[in-house]
1. For Ala87, list long-range residues whose amide hydrogen, built 1.01 Å from N in the peptide plane, is under 5 Å from its own amide hydrogen.
2. Defining a contact as two alpha carbons under 8 Å apart and six or more residues distant in sequence, what relative contact order in percent does the range 59-175 show?
3. Can you bin the range 59-175 into rounded, prolate or oblate? Criterion: square roots of the alpha carbon gyration tensor eigenvalues sorted a ≥ b ≥ c, rounded for a/c under 1.5, prolate for a/b above b/c, oblate for the rest.
4. Could you give the size of the charge dipole of the range 59-175 about its Cα centre, using +1 on the Cβ of each K and R and -1 on the Cβ of each D and E, expressed in debye and rounded to the nearest 20?
5. What are the ³J(HN,Hα) couplings of the range 79-93, residue after residue, when phi is run through the Karplus curve with 6.51, -1.76, 1.60 and θ = phi - 60°? Round to Hz, x for glycine and proline.
6. Ranked by Cβ crowding within 10 angstrom, fewest neighbours first, how are Ile73, Ile152, Ile137 ordered?
7. Got a sec? Charge dipole of the range 59-175, +1 on Cβ for Lys and Arg, -1 for Asp and Glu; which of Val134, Thr78, Ile168 is way out at the positive end?
8. Once you have the Cα-Cα distance between Met110 and Lys125, take 0.36 nm times their residue separation minus that, and quote the gain in nm to one decimal.
Amino acid sequence: MGAQRQRQAQLHRRPTPRTAPRERRNITSEQHPPGTRPYSARRTPGADNLALVTQVLGRVLVVDDDEVIRQLIAVNLTLEGFDVATAVDGQDCLDKVGMIAPQVITLDVMMPRLDGWVTAGELRKNPQTAHIKVVLITARAQEDDKKRGHQIGVDAYLTKPFDPGEMIRVVRELAGAPPTALG
């Protein structure tokens with residue numbers, strides 16, 4: 001408990017010349033080694049450079065009509081090291097999937113134009129997209145809904161509200177990424 005209070009006190013004290021972060025360098029995309037990109041991490045006292053993500057874990061297409069949920073999923077996966085694209089509904093997903101070529105798609109069920117059930121079915125019917133892993137993330141938690149997802153051939157089923165850590169674990173597993181040290 002004492003260590004936690006000491007850490008909080010450190011985080012809230014004013015920067016002094018000894019603890020002030022060094023000046024940030026402006027790094028252009030041409031200065032990054034091939035295959036890397038800047039990672040916007042929370043700055044802590046003493047941090048003096050930007051961390052680089054040297055390996056992208058895979059590409060994920062996040063499909064949800066709710067912008068807040070879509071961005072929550074996208075931000076969590078981006079921070080984890082995935083290359084993330086988004087779609088606003090099932091039709092948008094089907095329109096983009098060929099160009100994006102994701103390893104994993106997170107898919108809401110209840111959406112306008114084309115719902116998640118139909119979208120997952122279309123993805124499975126098409127030989128060019130049948131191999132893509134699909135995670136249904138939905139508020140529909142009935143056993144019949146889970147069975148329907150299994151019949152369509154989805155790879156995982158998460159119910160809202162979902163634990164972001166669990167969602168990341170499932171996506172990492174489906175993308176073939178190594179597990180994190182935390183699980």
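1. Here the answer is Val62, Val63, Asp64, since their amide H atoms fall under 5 Å of that of Ala87.
2. 24
3. rounded
4. Dipole about the Cα centre, nearest 20: 360 debye.
5. 4, 6, x, 8, 8, 10, 10, 10, 9, 8, 6, x, 5, 4, 4
6. Ordered from fewest to most neighbouring Cβ atoms within 10 Å, Ile73, Ile152, Ile137 come out as Ile152, Ile137, Ile73.
7. Val134
8. Answer, rounded to one decimal: 3.4 nm.
Every read-out reported here was derived from the displayed coordinates using simple, explicitly stated rules and does not represent laboratory data. No experiment lies behind these values; they were computed from the predicted model shown. As a convention, Cβ positions derive from the backbone with ideal geometry for all residues, glycine included, and neighbour counts pool all protein chains shown.
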